[in-house]
Amino acid sequence: GLSAPTISEETQQKVDEEIRSILDRQYALARSLLEANRDKVEVMTKALLEWETLDADQVKDIMSGGEPRPPKYGVPEKRQSSSGPIAPSAPATV
């Protein structure tokens with residue numbers, strides 16, 4: 001069979017430390033971006049709860065500081081409809 005190349009424990013520890021450092025920096029960047037754009041995140045959350053999906057134009061509206069335009073293809077039917085059963089849709093992820 002094939003044997004895995006061996007690397008020293010010291011080298012493995014350095015690799016692990018560098019990976020952790022990269023992950024920590026990227027996490028901090030993502031968090032700071034979300035905090036700096038909290039108003040936009042909240043507008044997106046509200047729009048996703050209302051319309052379930054957002055298209056590129058709606059995201060552009062939000063990122064430019066405005067309210068998103070209505071969906072191009074109409075708003076999904078509300079589940080309170082009395083015209084018969086409507087299959088539940090997947091919840092929006094935020």
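No value in this document is a laboratory result; all are computed from the given coordinates. Treat the numbers as computed from the prediction; the structure is a model and nothing was measured. Note that we place each Cβ from the backbone using ideal geometry, even for glycine, and neighbour counts take in every protein chain shown.
Couple of notes before you dig in:
- Net charge in the neighbourhood of residue 40 (other residues with Cβ under 12 Å of its Cβ; Lys, Arg +1, Asp, Glu -1) is -2.
- Two-site label geometry, residue 29 and residue 69: point separation in nm, points 7 Å out along Cα→Cβ: 3.2 nm
- Protection proxy ranking, peptides 25-32, 51-58, average beta carbon neighbours within 10 Å, highest first: 51-58, 25-32
- All lysines inside 20 Å of residue 72 as judged from Cα atoms, apart from same-chain residues fewer than 8 positions distant: 46, 60
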